[in-house]
Amino acid sequence: MGYGKDGAPIVIIPWHNAVAELEKIILLHIEIDENLTIGKKIETLGEKYNLIVNNVSEHFEWNDNHLNLVTMKDLMMLSDEEIADNKIIETLRKDKRANNNNY
């Protein structure tokens with residue numbers, strides 16, 4: 001899973017023949033539903049959810065609503081480190097700085 005040159009989400013699947021030689025590469029352009037509940041996002045992420053929670057918890061107290069800071073497209077396409085560091089933690093730090101400046 002990843003992004004194509006045009007930024008569209010794609011899945012690339014290697015197709016092997018009977019003797020395990022790469023025969024074809026299948027390219028799928030996919031659509032991702034952005035309107036999932038927190039529970040469905042967690043279910044869809046599987047073990048990746050725990051990795052995200054562990055990374056974020058090193059810096060901030062975890063709340064499942066943090067998943068709403070990231071598009072479902074990014075939750076599916078980015079690594080757990082990219083989601084935690086570049087999306088959730090970065091946003092929480094910006095929010096914390098903004099709140100500190102308001103006092």
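The values are calculated or read from the model by the stated rules, or taken from the named source; none is laboratory data. Nothing here was measured: the structure is a model prediction, and the numbers come from that model. So basically every Cβ, Gly included, is an ideal-geometry build from the backbone, and we count neighbours across all protein chains shown.
If you go through the stretch 1-40 and keep only what is assigned to a loop (DSSP other than H, G, I, E, B), farther than 30 Å from residue 65 by Cβ, modelled with pLDDT of 90 or more and not aliphatic (A, V, I, L, M), you end up with 5, 6, 17, 21.
Exactly one residue among 56, 11, 19 is surrounded by fewer than 12 Cβ atoms within 10 Å (Cβ to Cβ) and of a type in the set (Val, Ile, Thr), and that residue is 19.
Please enumerate the residues belonging to the stretch 1-19 that are among the hydrophobic types (A, V, I, L, M, F, W, C) and more than 19 Å from residue 80 (Cα to Cα).
So in the stretch 1-19, the residues among the hydrophobic types (A, V, I, L, M, F, W, C) come out as 1, 8, 10-13, 15, 18-19.
Selection gives 8, 12, 13, 15, 18, 19.
Scanning the stretch 41-51 for residues that are more than 12 Å from residue 76 (Cα to Cα) and either of a type in the set (A, V, I, L, M) or assigned to a loop (DSSP other than H, G, I, E, B) (or both) yields a total of 1.
Can you pull out the residues in the stretch 26-66 that are of a type in the set (A, V, I, L, M, F, W, C) and more than 24 Å from residue 11 (Cα to Cα)? Spell out how you get there, then give the answer.
First, pick out the residues of the stretch 26-66 that are of a type in the set (A, V, I, L, M, F, W, C): 26-28, 30, 32, 36, 38, 42, 45, 51-53, 56, 60, 62.
Of everything in the stretch 26-66, those that are of a type in the set (A, V, I, L, M, F, W, C) and more than 24 Å from residue 11 (Cα to Cα) turn out to be 53, 56, 60, 62.
Condition check: modelled with pLDDT of 95 or more, surrounded by 10 or more Cβ atoms within 10 Å (Cβ to Cβ) and touching a helix residue (DSSP H, G or I) at 6+ places or on another chain (Cβ under 6 Å). Does residue 85 satisfy that? Please lay out each step first, then the result.
Details: modelled with pLDDT of 95 or more: yes; surrounded by 10 or more Cβ atoms within 10 Å (Cβ to Cβ): yes; touching a helix residue (DSSP H, G or I) at 6+ places or on another chain (Cβ under 6 Å): no.
No; evaluated as a whole, the condition is false for this residue.
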